[in-house]
1. Let me spell it out: the conditions are (1) surrounded by fewer than 16 Cβ atoms within 10 Å (Cβ to Cβ); (2) modelled with pLDDT under 90, and Glu109 meets all of them except one. Which number is the exception?
2. Given Arg123, Arg135, Arg115, which one is farther than 21 Å from Arg54 by Cα, loosely packed, with under 14 Cβ neighbours inside 10 Å and either hydrophobic (A, V, I, L, M, F, W, C) or in contact (Cβ under 8 Å) with a residue 24 or more places away in the chain (or both)?
3. Regarding segment 37-49, can at least one residue be identified that is modelled with pLDDT under 75 and either in a helix (DSSP H, G or I) or surrounded by 10 or more Cβ atoms within 10 Å (Cβ to Cβ) (or both)?
4. Could you figure out which of (1) closer than 30 Å to Arg135 by Cβ; (2) modelled with pLDDT of 95 or more; (3) of a type in the set (A, V, I, L, M, F, W, C) isn't true of Val93?
5. Test each condition in (1) under 23 Å from Gly155 (Cβ atoms); (2) in contact with a helix residue (DSSP H, G or I) (Cβ under 9 Å, 6 or more places away or on another chain); (3) of a type outside the set (D, E, K, R); (4) at pLDDT below 80 for Ala72 and report the one that comes out false.
Amino acid sequence: MSWPEKLAAAVAGLLLGAMLAGCTLEPVHARRPQQGPDVTAAMAQVEVEPIADRVGVLLRRRLEERLAPEGARVPARYRLRVQLRSASASALVGRSETTTRSDLTLTAEFQLFERGGEQPVLRGWARSVHSHDVRQSAFATRAAGRAARDRGVEGLSAQIARRLALFFRSGEKAG
């Protein structure tokens, strides 16, 4: 490498370093003692109301794990209400006009309430679509369907938890 190439590489490195030094990106869950609420503590104060159906039970469990990953239960300041809809549709039909691939769509509408409050402080929705193969073997088809369901629940819980974290991070006033 010649000296002009070395000089160009050094200048590029310095410019990149200067740009990164001015970067203000930080994790949503970062503690900011003087600048607002502690997102992790606020999320641990959310109680998830029961959600109907087997998929709802799985979603509730996954949300509880995401909201309080260390399992520390503190008195609930908020309650989260989730309405879940599930739909399955043929995504691909083979030559013999039989379904070979199916889409599972999970849609969750959620509302966050302050404890004792009747008006939601946050409303939102999340949707997850996952496909799975439909095989001749009923066992393989059920296993693929369960895997699609689990991926859908994981996706929904991540979207809802992310939206709650952003709400708490923003420091928006309830009500």
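1. Of (1) surrounded by fewer than 16 Cβ atoms within 10 Å (Cβ to Cβ); (2) modelled with pLDDT under 90, only one is false for Glu109: (2).
2. Among Arg123, Arg135, Arg115, only Arg115 is farther than 21 Å from Arg54 by Cα, loosely packed, with under 14 Cβ neighbours inside 10 Å and either hydrophobic (A, V, I, L, M, F, W, C) or in contact (Cβ under 8 Å) with a residue 24 or more places away in the chain (or both).
3. Yes: segment 37-49 contains one or more residues that are modelled with pLDDT under 75 and either in a helix (DSSP H, G or I) or surrounded by 10 or more Cβ atoms within 10 Å (Cβ to Cβ) (or both).
4. (2)
5. (1)
This table checks each residue for (1) at pLDDT below 70; (2) surrounded by fewer than 12 Cβ atoms within 10 Å (Cβ to Cβ); (3) under 28 Å from Gly117 (Cβ atoms).
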| position | (1), (2), (3) |
| --- | --- |
| Leu15 | no, yes, no |
| Leu20 | yes, yes, no |
| Glu26 | yes, yes, no |
| His29 | yes, no, yes |
| Pro33 | yes, yes, yes |
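The values are calculated or read from the model by the stated rules, or taken from the named source; none is laboratory data. The shown structure was predicted, so the numbers you read here are calculated from the model rather than taken from an experiment. So basically every Cβ, Gly included, is an ideal-geometry build from the backbone, and we count neighbours across all protein chains shown.
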